[in-house]
Amino acid sequence: MKVLLISGSLRERSLNTALLKAAGELLGDKATCEWASIGEVPLYNQDLDGEEKPAAVTRLKAQIENADALLIASPEYNYGIPGVLKNAIDWVSRPAFKSVLAHKKTLLLSASMSDMGGVRAQGQLKQVLAGTLTPILPAPEFAVGSAQNKFTDGTLTDDDTRQKLQRLLNDFLAWV
Ligand code: FNR
């Protein structure tokens, strides 16, 4: 199974990227993981969304198309989805209801420095991805709160979170 990892944070020491890295490790040999890079995707402009698209968009669309499933981990910025992630979703969301996102099974994760764990951004993501017909694993939100205390140098070191993530990934694999 091919899984595409999409982080909603561009920063190098991102906790969400670290969460995806942990998920990739926990998937082990049950999946081949590939990283998407949304940082190079330009700001959405429908004038540029013709037959020939910006290279980063074409690359991202191909990665999503080739994946069997998506894992998205995102921070919450001001109670919402980071602009970079929403921007990337908008680019790959066309043609409406027939895009590479349509029917692509997806697991949402979030990590944040607050106790809420970015759960509000996940709620918004669910709503946005409903608009692209992207099925989300039906499960309670997996939101890692106070994440700065659960990772050490980019590695998930909190055993409880690790065990819960493993269970969630098993459910995700079975669902996909
Ligand atoms: C934040 N942060 C944050 N956290 C949260 O739980 N709810 C929020 O609304 C916000 N808002 C917010 C806005 C902006 C602009 C920044 C930079 C940060 C804090 C956030 O949880 C923290 O910076 C995370 O570490 C960001 O995720 P990454 O980059 O570590 O993956």
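The values are calculated or read from the model by the stated rules, or taken from the named source; none is laboratory data. Fair warning: this is a prediction, and the values are worked out from it, not measured in the lab. For neighbour counting, all protein chains shown are included, and Cβ atoms are generated from backbone atoms with ideal geometry for every residue, glycine included. Calculation scope for accessible area: heavy atoms of the full protein, side chains included, ligands and nucleic acids excluded. Shrake-Rupley method; radii C 1.70, N 1.55, O 1.52, S 1.80 Å.
Just to be sure I understand, how many residues within region 98-134 are open to solvent by 40 Å² or more (accessible area, probe 1.4 Å), without any contact (Cβ under 8 Å) to a residue 40 or more places away in the chain and either closer than 25 Å to residue 63 by Cβ or basic (Lys, Arg) (or both)?
Total meeting the criteria: 7.
Determine whether region 4-22 contains at least one residue that is within 19 Å of residue 129 (Cα to Cα) and out of contact with any strand residue (DSSP E or B) (no Cβ under 6 Å at 6 or more places or on another chain).
Within region 4-22, one or more residues are within 19 Å of residue 129 (Cα to Cα) and out of contact with any strand residue (DSSP E or B) (no Cβ under 6 Å at 6 or more places or on another chain).
For the list (1) within 11 Å of the ligand (Cβ to nearest atom); (2) touching a helix residue (DSSP H, G or I) at 6+ places or on another chain (Cβ under 6 Å), I need the number of the one condition that residue 119 fails.
Among (1) within 11 Å of the ligand (Cβ to nearest atom); (2) touching a helix residue (DSSP H, G or I) at 6+ places or on another chain (Cβ under 6 Å), the lone unmet condition for residue 119 is (2).
From the list 24, 39, pick out the single residue that is in contact (Cβ under 8 Å) with a residue 12 or more places away in the chain, within 28 Å of residue 162 (Cα to Cα), in a loop (DSSP other than H, G, I, E, B) and open to solvent by less than 50 Å² (accessible area, probe 1.4 Å).
Numbers: 24 fails: in a loop (DSSP other than H, G, I, E, B).
Every option except 39 fails the conditions.
Of the conditions (1) surrounded by 12 or more Cβ atoms within 10 Å (Cβ to Cβ); (2) under 24 Å from residue 28 (Cα atoms); (3) without any contact (Cβ under 8 Å) to a residue 60 or more places away in the chain, residue 168 clears all except one; give me its number.
Here residue 168 meets the rest and fails (3).
Given the criteria within 15 Å of the ligand (Cβ to nearest atom), open to solvent by less than 10 Å² (accessible area, probe 1.4 Å) and either within 23 Å of residue 112 (Cα to Cα) or of a type in the set (A, V, I, L, M) (or both), does residue 75 qualify? Spell out the reasoning first.
Numbers: within 15 Å of the ligand (Cβ to nearest atom): yes; open to solvent by less than 10 Å² (accessible area, probe 1.4 Å): no; either within 23 Å of residue 112 (Cα to Cα) or of a type in the set (A, V, I, L, M) (or both): yes.
Considered against the rule, which asks whether it is within 15 Å of the ligand (Cβ to nearest atom), open to solvent by less than 10 Å² (accessible area, probe 1.4 Å) and either within 23 Å of residue 112 (Cα to Cα) or of a type in the set (A, V, I, L, M) (or both), residue 75 comes out as no.
For region 1-13, which residues satisfy the criterion of being buried (at least 21 other Cβ atoms within 10 Å of the Cβ) and near the ligand (Cβ under 9 Å from one of its atoms)?
7, 8, 9
Tell me yes or no: at least one residue of region 80-96 is open to solvent by less than 70 Å² (accessible area, probe 1.4 Å), aromatic (Phe, Trp, Tyr) and within 16 Å of the ligand (Cβ to nearest atom).
Taking every residue of region 80-96 in turn, none turns out to be open to solvent by less than 70 Å² (accessible area, probe 1.4 Å), aromatic (Phe, Trp, Tyr) and within 16 Å of the ligand (Cβ to nearest atom).
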